[in-house]
Each structure stands twice: as C-alpha cells, then as structure tokens.
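Since the structure comes first, as structure tokens, the remarks are kept for the end.
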Amino acid sequence: MGVHLISFKISDAAGKSKSIVFPCPDTATYAEVCAFVTQIDSLVDGVISGIIDSASVQMACPIDGGLNATPADDMLVEDGGLLGFSVTGSAYRTGLYIPTYSQSLIGNDKDIPNAGATASLITALLSGTNVDVTDKWENPLAAFLKGTRVHRK
C-alpha cells in the first residue's frame with residue numbers, strides 16, 4: 001500500500017524553510033505517529049539551528065480495486081483540470097488541480113462543465129462525504145464556480 005510520511009518543517013533566520021521527512025510503515029496509527037513526533041521533536045530541535053514550525057503526516061490509504069489499470073496516452077500529469085470553488089467565510093475562491101483530467105470531460109473551449117463524472121465528483125466534494133473539503137485556511141467549499149483545462153509544470 002505505501003508508507004506514511006512524517007514531516008517536520010524547519011525554518012531558518014532568512015525565513016526560508018525545508019522539511020525533514022521520516023517514512024514509517026503504513027501500519028502505524030495516527031496516535032502512534034503523534035507519539036513519535038512528541039518523542040523526537042526535542043531531539044530534532046537539539047541538532048538544528050533553525051526552528052521547527054510544524055509537524056505533519058501524510059498517511060497512506062487503501063484505494064478501491066477496479067480503477068484505471070493503465071494511464072491513457074492523451075494527457076500527461078502537467079495537463080489537467082482546475083476546478084474552482086467559492087468557500088464559506090471568504091471573499092476568495094480556491095482551486096483544486098486534478099492531473100490528467102480526462103479529455104472527454106473537457107469542452108473544445110477548455111471549459112470543464114459540471115456534468116457527468118465531473119458532477120459526481122463535485123457533488124461528493126461539496127457534500128462533506130466522510131470529511132469536509134476546505135481551502136488551506138479551513139474554509140469549507142461552498143459552491144462550484146468553474147472548471148478549466150490548464151497546464152502546470
């Protein structure tokens with residue numbers, strides 16, 4: 001399945017930051033990861049001249065069987081779809097970039113209509129299925145605004 005990635009974000013006096021990443025088995029629970037972080041944060045702090053800004057974990061999750069077995073030749077990860085959303089509690093919008101967005105779901109004018117498989121995804125994102133999807137400031141997604149084909153390096 002994969003590994004969990006535990007990260008410590010370290011900042012220097014110039015305001016630049018880099019992360020230390022500790023992979024661990026995907027059998028580790030969130031509680032075990034948190035215990036590891038609080039066990040070694042002072043040890044990491046003892047060997048750095050910068051500061052620890054934050055710690056986070058990227059957890060490996062199981063995925064369904066029966067998904068695409070091979071990638072299609074028509075899109076690379078640099079080419080995808082940008083789905084735009086309004087968010088609750090903010091005048092700003094947020095975007096969700098999806099690599100290799102299917103060509104069949106993109107119109108000739110590069111717009112991605114809220115229909116078919118796109119509509120199903122948008123409905124799941126907005127409905128709070130198991131988790132509420134938010135922007136990076138934890139404002140919940142409120143409404144789909146627009147989808148567009150984009151190229152990102």
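The values are calculated or read from the model by the stated rules, or taken from the named source; none is laboratory data. Predicted model only: the values in this text are computed from it and were never measured. Using ideal geometry, Cβ is built from the backbone for each residue, glycine included, and neighbour counts are taken over all protein chains shown. Side chains included, ligands, DNA and RNA excluded: accessible areas come from the protein's heavy atoms. Shrake-Rupley method; radii C 1.70, N 1.55, O 1.52, S 1.80 Å.
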* With segment 36-104 as the region, which strands (runs of 3 or more DSSP E) entirely inside it contain at least 3 residues that are within 22 Å of PRO23 (Cβ to Cβ)? -> 51-58
* Asked: With respect to ALA60, is the statement that it is without any contact (Cβ under 8 Å) to a residue 60 or more places away in the chain, among the small types (Gly, Ala, Ser) and either within 30 Å of GLY107 (Cα to Cα) or open to solvent by 40 Å² or more (accessible area, probe 1.4 Å) (or both) true?
  -> no
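For segment 1-17, name all the residues that are farther than 20 Å from ILE63 by Cβ and surrounded by fewer than 12 Cβ atoms within 10 Å (Cβ to Cβ). Quick ask: steps written out before the conclusion?
The first filter runs over segment 1-17 and keeps only residues farther than 20 Å from ILE63 by Cβ, leaving 6-17.
Residues satisfying the conditions are ALA13, ALA14, GLY15, LYS16.
Of all the residues that make up segment 1-54, how many are among the aromatic types (Phe, Trp, Tyr) and under 30 Å from GLY65 (Cα atoms)?
Restricting attention to segment 1-54, the residues satisfying the condition of being among the aromatic types (Phe, Trp, Tyr) are 8, 22, 30, 36.
Going one step further and asking which of them are under 30 Å from GLY65 (Cα atoms), we end up with 22, 30.
Count: 2.
Given the criterion over 30 Å from GLN103 (Cα atoms), out of contact with any Pro (no Cβ under 7 Å at 6 or more places or on another chain), open to solvent by 100 Å² or more (accessible area, probe 1.4 Å) and without any contact (Cβ under 8 Å) to a residue 60 or more places away in the chain, identify the matching residue among SER42, SER49, SER54. Explain how you work it out, then say what you get.
On the way: SER42 fails: open to solvent by 100 Å² or more (accessible area, probe 1.4 Å); SER54 fails: open to solvent by 100 Å² or more (accessible area, probe 1.4 Å).
Every option except SER49 fails the conditions.
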* Tell me, yes or no, whether segment 43-61 has at least one residue that is over 30 Å from ALA13 (Cα atoms) and among the polar types (S, T, N, Q). => no
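How many of the residues making up segment 63-91 are in contact (Cβ under 8 Å) with a residue 12 or more places away in the chain and of a type outside the set (Gly, Ala, Ser)?
Of the residues in segment 63-91, the ones in contact (Cβ under 8 Å) with a residue 12 or more places away in the chain are 71-72, 74-90.
Okay, now just the ones that are also of a type outside the set (Gly, Ala, Ser), so 71, 74-79, 82-83, 85, 87-88.
Of the residues in that region, 12 qualify.
Determine whether GLY95 is out of contact with any Lys or Arg (no Cβ under 8 Å at 6 or more places or on another chain) and open to solvent by 80 Å² or more (accessible area, probe 1.4 Å). If you could, list the steps in order and put the result at the bottom.
Numbers: out of contact with any Lys or Arg (no Cβ under 8 Å at 6 or more places or on another chain): yes; open to solvent by 80 Å² or more (accessible area, probe 1.4 Å): no.
Here the answer is no, as GLY95 does not meet what is asked.
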* Asked: Hey, among the residues in segment 26-39 that are under 24 Å from the mean Cα position of the chain (by Cα) and open to solvent by 80 Å² or more (accessible area, probe 1.4 Å), which one's farthest from LYS9 (Cα to Cα)?
  -> THR27
* The listed residue being over 16 Å from the mean Cα position of the chain (by Cα) and not in a strand (DSSP E or B), out of ALA142, ALA117 -> ALA117
